[in-house]
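Quick notes on the structure that follows.
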Amino acid sequence: MKTEDLKNNKDYKYGFTTDVENVRSPKGLSEETIRFISNIKKEPNWMLEWRLKAFNRLKVLKEPDWQKPKYPKIDYQDLYYYSAPKSASEKPKSLDEIDPKILETYKKLGIPLVEQKRLNGIAVDAVFDSVSVATTFKDELTKKGIIFCSISEAIQKHPDLVKKYLGSVIPISDHYFATLNSAVFTDGSFVYIPPNTKCPMELSTYFRINASETGQFERTLIIADKGSYVSYLEGCTAPMRDENQLHAANVELVALDDAEIKYSTVQNWYPGDEKGVGGIYNFVTKRGACRGKNSKISWTQVETGSAITWKYPSCILQGDNSVGEFYSIAITNNFQKADTGTKMIHLGKNTKSKIISKGISAGNADNMYRGLVEIKNKAINSRNYTQCDSLLMGNKCGAHTIPYIKNNNATSTIEHEATTTKINEEQLYYCNQRGLDQEEAVSLIVNGFCKEVLQQLPMEFAVEAQKLVAISLEGSVG
Amino acid sequence: MLNIKNLEATIDNKHILKGLNLNIKPGEVHAIMGPNGSGKSTLANVLSGKNGYEIKGDIKYNGESLSELSTEERAQKGIFLAFQYPLEIPGVNTNTFLRTSLNSVRKAQGDKELDTLTFLKLIKEKASELGIDEKFLSRQLNVGFSGGEKKKNEILQMKLLQPKLSILDETDSGLDIDALRIVADGVNSYKSKENAFLIITHYQRLLDYIKPDYVHVLSNGKIIKTGDADLGVQLEKTGYSNIV
Ligand SMILES: Nc1ncnc2c1ncn2[C@@H]1O[C@H](COP(=O)(O)OP(=O)(O)OP(=O)(O)O)[C@@H](O)[C@H]1O
Ligand SMILES: [Mg+2]
């Protein structure tokens, strides 16, 4: 291992590394690397072709640079695009065949894959670096016709669904990072909910970056067929290292007539140390298509980790009466930076969208809400409501709000509200005088500030998220 | 219970308390009166452990030196300050705040934390004693409360936390006649042999309801006169000019 794990950041309890033997692709981005990935995953030829098409497209695309957080140039030839524990190369396996070290890792992360009972009612897909190592509760789900597996498995077992929907929301040539992902994506989850089926449990994917010098290129595809419902949650952690690691994911959601997808993220990638050294670059493309009438997609994100978070989970409201929602908490501390928000594109009639964004900034951090609400001319009687609140702690951090609004339709309305507040010493003194210590006080005030968003999370995760919010801000006041 | 010796306090180069002495025993009610800017709120802040003051002299609370203790430790040991200007904390539900506060204090005192249901029963009872509408409890803490409502909320917290030493900083200012009586009744019903009060006020009318054992006049950072309840009555007539 090239980089030593940093031991000085005591607050990030997920910063350990698991010592497993890895299989890696050749270093650097090349056709050879892509063929290696496709080959090791035993992909059909059409998938390889698709990847190569993306790779060719990538050659003429330029990395965007309009975002607020700047970062040193990434050397794409100095990265590994595939790294997987050797023991996991023969997927699929049953749980008792998984390397005990990996099971131990997930246990430490609070995701017991074996003692499933403790995570009752939640099916988990565990992605370790570039591969999915386990998916739980599969049999129960299969009985209802629900498919929940790794994308690699779906490519082999459900090629028709994958061919039909992959890239249908985020086209291959969408933008630099999305195209890069299309060329080299390694693993992620696949979900298909058949018509008129309510998924009986929460589905969740737990992403773990372990290997160094490796990028993680997650690809997730969720399809909710007519009249179905699913709630899905992803969690993410990584070891502490003084290098910056890239996580460039593509997530596509498709909701057909009367279907609903609720997608929640608790992102806690390693944020770097107090001086801003190390941490994950979280450059993610997430987009949902409300393709059918009366369909609904709701994004909830709690972004506390990463050195840089750069993402805009979006909804394309195609179906008449479809609904898009975005609930976000983005916390930046020390030298973390976030440029995040959403896009709501109204195409169908009577479409509705709601955006609730809570940005919290502490230390020297910088937090930007950037959002687009666009109502096209055919989207009559459509409505958007946006509320962006920023909370500042201390004097060295920043908060910014940039709403882009395009309304091409006189029957539609867009409403935008924004506030900026500061936690001040007097408020903390008041809380202290009532017996609360500094941490309790901050946690109370901050959780009060983000309540509307935390309430959107599935109950099992809301409590965890609340704690995470408090931990990420520890020591940032006073 | 409280022994203050030669207390001096300076903040931002402003020397505010300049050698203050005060002794309070359990069960006593002390009133502090004095001109604007004489240092009354500063005394309350220093006792409760607000940051930023440069302190000289000695404060003992039940024999223990206060200088070692943080604000929350003092609160947990039973020092309560009803603020002259209670703060608004947007986003924080009043009930949640009160429950977190009570449980922090209980935990520190080695008592069991109260579950939500038990707490709600308790707080409703206390609120109704003070004529506070339940609806206030589900609003954001002090946000949009009227001046008088904020003051009542302070007394509600006092009754909930059951402190040993209660410092009331101009709790009477801004209260209407009925509210004044309710608040005074609240204080009187909480008075006992064990706990003491330090009541900062400008007006005798509060002292008509809550009879003090001692009245002190604070001027220019020192206590310049101490008397019994009659001193308050006299001050109301003559003002400070004769003594200051
Ligand atoms: N941080 C500070 N910096 C400078 N001066 C201060 C500071 N805090 C208080 N003072 C000053 O110290 C003096 C005492 O203030 P304090 O609030 O204790 O007065 P008070 O007796 O409570 O007055 P009032 O009756 O008006 O409430 C005032 O002149 C005030 O302006
Ligand atoms: Mg005052």
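The values are calculated or read from the model by the stated rules, or taken from the named source; none is laboratory data. This structure is a prediction, so every number in the text was calculated from the model and none was measured. Reconstructed Cβ throughout: ideal geometry from the backbone, glycine too, with neighbour counts over all protein chains shown. Note: areas computed on protein heavy atoms with side chains; ligands, DNA, RNA excluded. Shrake-Rupley method; radii C 1.70, N 1.55, O 1.52, S 1.80 Å.
Taking the condition of a type in the set (S, T, N, Q) and under 30 Å from A:LYS358 (Cβ atoms), does B:ASN103 pass?
Yes: the conditions hold for B:ASN103.
Got at least one residue in region B:43-53 being of a type in the set (Gly, Ala, Ser) and open to solvent by 40 Å² or more (accessible area, probe 1.4 Å)?
Checked against the condition, which is being of a type in the set (Gly, Ala, Ser) and open to solvent by 40 Å² or more (accessible area, probe 1.4 Å), region B:43-53 yields at least one hit.
So A:LEU473 fits all but one of (1) closer than 30 Å to A:ILE122 by Cα; (2) open to solvent by less than 80 Å² (accessible area, probe 1.4 Å); (3) within 14 Å of chain B (Cβ to nearest Cβ); what number is the exception?
(3)
Of the residues A:LYS406, A:LYS378, only one is among the charged types (D, E, K, R) and in contact with a Gly (Cβ under 9 Å, 6 or more places away or on another chain); which?
After applying the criteria, what remains is A:LYS378.
Looking at (1) aliphatic (A, V, I, L, M); (2) within 23 Å of A:GLY235 (Cβ to Cβ); (3) modelled with pLDDT under 95, find the lone condition where A:MET368 falls short.
Unmet for A:MET368, out of (1) aliphatic (A, V, I, L, M); (2) within 23 Å of A:GLY235 (Cβ to Cβ); (3) modelled with pLDDT under 95: (2).
Within region B:140-160, track down each residue that is out of contact with any Pro (no Cβ under 6 Å at 6 or more places or on another chain) and within 18 Å of B:LEU102 (Cβ to Cβ).
Correct list: B:LEU141, B:LYS152, B:ASN153, B:ILE155, B:LEU156, B:GLN157, B:MET158, B:LYS159, B:LEU160.
Can you tell me how many residues in region B:1-13 are away from ligand 2 (no atom under 16 Å from the Cβ) and open to solvent by 10 Å² or more (accessible area, probe 1.4 Å)?
Total satisfying the criteria: 8.
Quick check on region B:14-58: of everything there that is among the polar types (S, T, N, Q) and within 16 Å of ligand 2 (Cβ to nearest atom), which residue is nearest to the other protein chains (Cβ to nearest Cβ)?
B:SER48
Cβ contacts < 6 Å: first residue farther than 21 Å from A:PHE128 by Cα, restricted to region A:66-86; second residue aromatic (Phe, Trp, Tyr), any location; separation 6+ or different chain. Result?
These pairs meet every condition: A:GLN67/A:TRP310.
Checking the structure you have, find out if any residue of region B:68-82 is at the interface with chain A (Cβ under 7 Å from one of its Cβ atoms) and of a type in the set (A, V, I, L, M).
yes
To keep it simple, each residue is scored yes or no on (1) away from ligand 1 (no atom under 16 Å from the Cβ); (2) crowded, with 21+ Cβ neighbours inside 10 Å; (3) more than 30 Å from B:TYR61 (Cβ to Cβ); (4) away from chain A (no Cβ under 14 Å).
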position: B:GLU125; (1), (2), (3), (4): yes, no, no, yes
position: B:GLU129; (1), (2), (3), (4): yes, no, no, yes
position: B:GLU134; (1), (2), (3), (4): yes, no, yes, yes
position: B:ASN153; (1), (2), (3), (4): yes, yes, no, no
position: B:ASP172; (1), (2), (3), (4): no, yes, no, yes
position: B:LEU175; (1), (2), (3), (4): no, yes, no, yes
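Restricted to region A:435-454, and to residues that are farther than 20 Å from B:ARG139 by Cβ and within 7 Å of chain B (Cβ to nearest Cβ), which residue is surrounded by the most Cβ atoms within 10 Å (Cβ to Cβ)?
Out of the qualifying residues, it is A:GLY435.
Out of A:LYS286, A:LYS311, which single residue is of a type in the set (Lys, Arg) and at pLDDT below 95?
Criteria check complete, one pass: A:LYS311.
Of the conditions (1) touching a helix residue (DSSP H, G or I) at 6+ places or on another chain (Cβ under 7 Å); (2) part of a loop (DSSP other than H, G, I, E, B), B:ALA179 clears all except one; give me its number.
Of everything listed in (1) touching a helix residue (DSSP H, G or I) at 6+ places or on another chain (Cβ under 7 Å); (2) part of a loop (DSSP other than H, G, I, E, B), B:ALA179 misses just condition (2).
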